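> Shown below is the structure under consideration.
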Amino acid sequence: MSYELIFDVKRGDFETAGEASRKIKHTLQQLGISNKIIRKVSIAGYEGEMNLAIHSSGGKIILEVGEKELILTIEDVGPGIQDLNLAMTEGWSTAGDEVRQMGFGAGMGLPNMKNNADDFEITSKIGEGTKIVMKFLV
Ligand SMILES: Nc1ncnc2c1ncn2[C@@H]1O[C@H](COP(=O)(O)OP(=O)(O)OP(=O)(O)O)[C@@H](O)[C@H]1O
Ligand SMILES: [Mg+2]
């Protein structure tokens, strides 16, 4: 069994943000993945999707479903993250007032993604973009 889904996420698109994670959740339900794993993937997917909409210049989410693991890749085309250690710190956020008024900017998204995934890797280059690869054992 192998399955791949790709979603584009645009910068600032709050109207439809959350849609990719909803579709991922729906797909995993239809594939009969356990609720415990769906929950983790949904949380990580939603945080990643919101980060693309809020912080990136746009990007994509790729879900690969294998027999033993699910791989969720969140990739964007900039602006990149200056200090990954800081970005991974709970409570650290560069979100402005407008974003905070929408309920984001607690600085918990990346730590949440890491905590929910069985494996988490983030790479980033200023001017090029950020890539997060998360694996979930099924
Ligand atoms: N894709 C990205 N591109 C550029 N910067 C990013 C990206 N994702 C996260 N960041 C930076 O890392 C910081 C921490 O991200 P994180 O998701 O943990 O918190 P947040 O998005 O600020 O708040 P929350 O996720 O709790 O709503 C962000 O404030 C932002 O500066
Ligand atoms: Mg976030």
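> Would you pick out the residues in the range 97-138 that are farther than 17 Å from residue 74 by Cα and either touching a strand residue (DSSP E or B) at 6+ places or on another chain (Cβ under 9 Å) or away from ligand 2 (no atom under 13 Å from the Cβ) (or both)?
Within the range 97-138, 97, 98, 101, 137, 138 meet the criteria.
> Now a separate question. Give the residues of the range 109-138 that are aliphatic (A, V, I, L, M), surrounded by fewer than 17 Cβ atoms within 10 Å (Cβ to Cβ) and under 14 Å from residue 55 (Cα atoms), sorted by residue number.
126
> Of all residues in the range 6-21, count the ones that are buried (at least 17 other Cβ atoms within 10 Å of the Cβ), assigned to a helix (DSSP H, G or I) and out of contact with any Ser or Thr (no Cβ under 7 Å at 6 or more places or on another chain).
Within the range 6-21, residues that are buried (at least 17 other Cβ atoms within 10 Å of the Cβ), assigned to a helix (DSSP H, G or I) and out of contact with any Ser or Thr (no Cβ under 7 Å at 6 or more places or on another chain) number 1.
This table checks each residue for (1) over 25 Å from residue 4 (Cα atoms); (2) among the hydrophobic types (A, V, I, L, M, F, W, C); (3) under 14 Å from the mean Cα position of the chain (by Cα); (4) within 11 Å of ligand 1 (Cβ to nearest atom).
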{"residue": "64", "(1), (2), (3), (4)": "no, no, yes, no"}
{"residue": "70", "(1), (2), (3), (4)": "no, yes, yes, no"}
{"residue": "74", "(1), (2), (3), (4)": "no, yes, yes, yes"}
{"residue": "81", "(1), (2), (3), (4)": "yes, yes, no, yes"}
{"residue": "84", "(1), (2), (3), (4)": "yes, yes, no, yes"}
{"residue": "106", "(1), (2), (3), (4)": "yes, yes, no, yes"}
{"residue": "120", "(1), (2), (3), (4)": "no, yes, yes, no"}
{"residue": "131", "(1), (2), (3), (4)": "no, no, yes, yes"}
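> If we scan the range 32-48, do we find a residue that is under 11 Å from the mean Cα position of the chain (by Cα), more than 12 Å from ligand 2 (Cβ to nearest atom) and among the aliphatic types (A, V, I, L, M)?
Checking the range 32-48: at least one residue is under 11 Å from the mean Cα position of the chain (by Cα), more than 12 Å from ligand 2 (Cβ to nearest atom) and among the aliphatic types (A, V, I, L, M).
> Determine the pairs where a residue that is hydroxyl-bearing (Ser, Thr, Tyr), located within the range 13-29, has a partner that is in a helix (DSSP H, G or I) with Cβ atoms under 6 Å apart, the partner being 6 or more residues away or on another chain.
As it stands, the answer is 21/42; 21/45; 21/46; 21/49, since those pairs meet every condition given.
> If you go through the range 39-60 one residue at a time, do you hit one that is near ligand 1 (Cβ under 10 Å from one of its atoms), of a type in the set (Asp, Glu) and either surrounded by 13 or more Cβ atoms within 10 Å (Cβ to Cβ) or at pLDDT 95 or above (or both)?
Scanning the range 39-60 turns up at least one residue that is near ligand 1 (Cβ under 10 Å from one of its atoms), of a type in the set (Asp, Glu) and either surrounded by 13 or more Cβ atoms within 10 Å (Cβ to Cβ) or at pLDDT 95 or above (or both).
> Inspect all residues belonging to the range 131-138 and state whether any of them is more than 25 Å from residue 13 (Cα to Cα), of a type in the set (Val, Ile, Thr), touching a residue at least 60 places away in the same chain (Cβ under 8 Å) and not in a strand (DSSP E or B).
yes
> Pick from 24, 38, 71: which is within 20 Å of residue 133 (Cβ to Cβ) and not in a helix (DSSP H, G or I)?
71
> Cβ-Cβ distance below 7 Å, separation of 6 or more or different chains: which pairs start in the range 63-92 with a residue that is buried (at least 16 other Cβ atoms within 10 Å of the Cβ) and end on one that is among the acidic types (Asp, Glu) and not in a strand (DSSP E or B)?
So the pair list comes out as 78/128; 80/128.
The values are calculated or read from the model by the stated rules, or taken from the named source; none is laboratory data. As the structure is a prediction and not an experimental result, all values here were calculated from the model. With ideal geometry, Cβ positions are generated from the backbone for all residues, glycine too; neighbour counts draw on all protein chains shown.
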